[in-house]
1. Take the solvent-accessible surface of the protein heavy atoms, probe 1.4 Å, and return the percent of it on the range 247-287 that carbon and sulfur atoms account for.
2. Taking 7 Å along the Cα-to-C-beta vector as the label spot, tell me the L77-L344 distance in nanometres, rounded to one decimal.
3. Carbon and sulfur atoms: what percent of the 1.4 Å accessible area of the range 70-127 do they account for?
4. Please report the antiparallel percentage of DSSP beta bridges with both residues in the chain, rounded to the nearest 5.
5. Over the chain, average the accessible area per residue using a 1.4 Å probe and give it in Å², no decimals.
6. Which net charge results when you count Lys and Arg as +1 and Asp and Glu as -1 among the other residues whose beta-carbon is under 13 Å from that of A389?
7. Please state the charge dipole magnitude for the range 137-226, taken about the Cα centre, from unit charges on C-beta atoms (+1 on K and R, -1 on D and E), reported in debye and rounded to the nearest 20.
8. Lysine pairs in the chain with alpha-carbon atoms under 13 Å apart, 8 or more places apart or on different chains: how many are there?
Amino acid sequence: MHVRPGIRDVIATGLAAVLLAAGVMVGIGSASAGPSSDAPLVEPHDDPFYAPPAGWQEAAPGTLLATRPVTVKGLGLTVPADAQQFLARSTDAKGAPTTVAGILMVPQIPYPAGARPLVSYQPATDSLGDQCNPSYKLRAGTEYELGLMMQALGRGWAVVVSDYEGPQNAFTAARMAGHGVLDGIRAAEALSGTGLTGRDTPVGLWGYSGGGLATSWAAELQNGYAPELKILGAASGGTPSDMGAAARNIDGTIASGLVLLASTGLTRAYPEMLSLLNDQGRAMIREIGDMCVGDAVSRFPFRHLNEFTVSKDPLAEPVAVQVMEDNHLGRVAPKTPVFLYHSLFDELIPYPSVQTLQADWCKGGGKVTLYSDAASEHSSLAVSGAPLAVTYLASRFAGVDVPSTCP
C-alpha cells in the first residue's frame, strides 16, 4: 500500500530529485547499458518473453527460464548499469509453481571492498495490471522509485528488482511476494557475466510500504524457503504487517481505492474470497482489474468495502479472517537482522502495527531495530527514510553488528 491523490506527485518529485543527485554521483547518462531487446517495447501480456518454456513447473524454485539484456531508463536518461531481465520459476501463495520476472542491474563502477553486494529492492507496486510491474516500468522509464535504487547503485551495489506479485498480479498475497523476492535473488545470482559470487553474494533486502510488505515477508520466509541465500540484513519501511488493521484504517477515506486493490489482489490468490462479493463487487473487480495504483485510488475515493460485499463487515467473515491470518506478518522471526522505519503519524498504516511486529519478531528471537519518525507521514518517509535504510545495509555489508531495539 502506498500513496494517496495529491501526495503521489510530491513523492515523484522528491524521488526525481534523489535520482538526479544520485545520477551526478555515478555519472548517469554517461553510458548505455549495451545491446538490448527493448525495441519494440510491448506490455508484458503481449511479450512472449514472459511465457515459460514447456516443463518449467518441474524446475527448482529460482531456476532461470529466460534471460535477455535490457536498458534501464529514468527521467529520460540511461542508467549506467549493465542490466539483464530474467524469468524464473517461483512458488505462489498456496505453494503451487508459478513464475517471477525481474531485472538485475550491475553498476559500471567497481566495488573496491571485496565481493560486490546485491540489494533486492522491492518497489511499492500496489497494482493489478502487468503494465504496472517494475521490470516493465524500468525499461519504459516510468518507475519513479528508480531514484531510491540509484542510492544503492551509487555505492557500487548490484540491484535486483522482481515483479514479486507474480503473473496474476496478486497484490497483497504476501507469501507470493516473499517467494517472488527470494526467487528473484536466486535468479540474479545465477545469471552469467555479472561479477557476482553466486550463493556467496552478500545480500540485503529493502522496500517501503507495499515494497516493505514484500521485503518483510521475504525476510520471514527465507529460513524455510531459501536458507542458502546469504541475506545479511533487511530494511523495511511503512510496513503493512496487519492488513486487516490497515484496511479498516483506510476504508472509506480518500485512499479507499487501496483497499479495493488489495481485496481484488487477494481474490487472485484466494478465490474463495469471491464468495463475499455482491453484484456491485463483481462489477468493481472487472473495472479495477488491470489498474495501476494511481488510477485505482483516483477512481474509487471515499468508498467502503461493504458496498461491494454481501456482508456488513466483510473483514469479520470467517473466509476473510483466515486469509488475513495467512498474510499476517510476525508469526516467524527472520534469521536476518531487520531495520523497521515508520512514521508516528502514518495515516495509512497505523503505527501500533509496527510496534506489534517488532514485539512479535523479538519474542521469536529476531534482531530488530525500530526507528520511529516524528517529522513525516506515510508518503514522505519513503524519501526521507531512504538514507537510513542505505546506511543500515552498508553497516551489514561491512560486518557491523548493528544494535537492536528489542525490549
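The values are calculated or read from the model by the stated rules, or taken from the named source; none is laboratory data. Here the structure is a predicted model, which means the values were calculated and not measured. Note that each Cβ is placed from the backbone with ideal geometry, even for glycine, and that neighbours are counted across all protein chains shown. Keep in mind that these areas ignore ligands, DNA and RNA; they rest on the heavy atoms of the full protein, side chains included. Shrake-Rupley method; radii C 1.70, N 1.55, O 1.52, S 1.80 Å.
1. Values: 860 of 1600 Å².
After summing per-atom areas, the C and S share lands at 54 percent.
2. For L77 paired with L344, the spin-label model returns 3.6 nm.
3. On the way: 890 of 1630 Å².
After summing per-atom areas, the C and S share lands at 55 percent.
4. Numbers: 24 of 48 bridges.
Here the antiparallel bridges make up roughly 50 percent for the chain.
5. Working: 14460 Å² over 407 residues.
Value for the chain: 36 Å² per residue.
6. Numbers: positive: R155, R396; negative: E145, D373.
Once positives and negatives cancel, what remains is 0.
7. Values: 6 positive and 8 negative charges, 20 e Å.
Once rounded to the nearest 20, the dipole reads 100 debye.
8. Details: K73/K137; K230/K335; K335/K363; K335/K367.
Counting lysine pairs in the chain gives 4.
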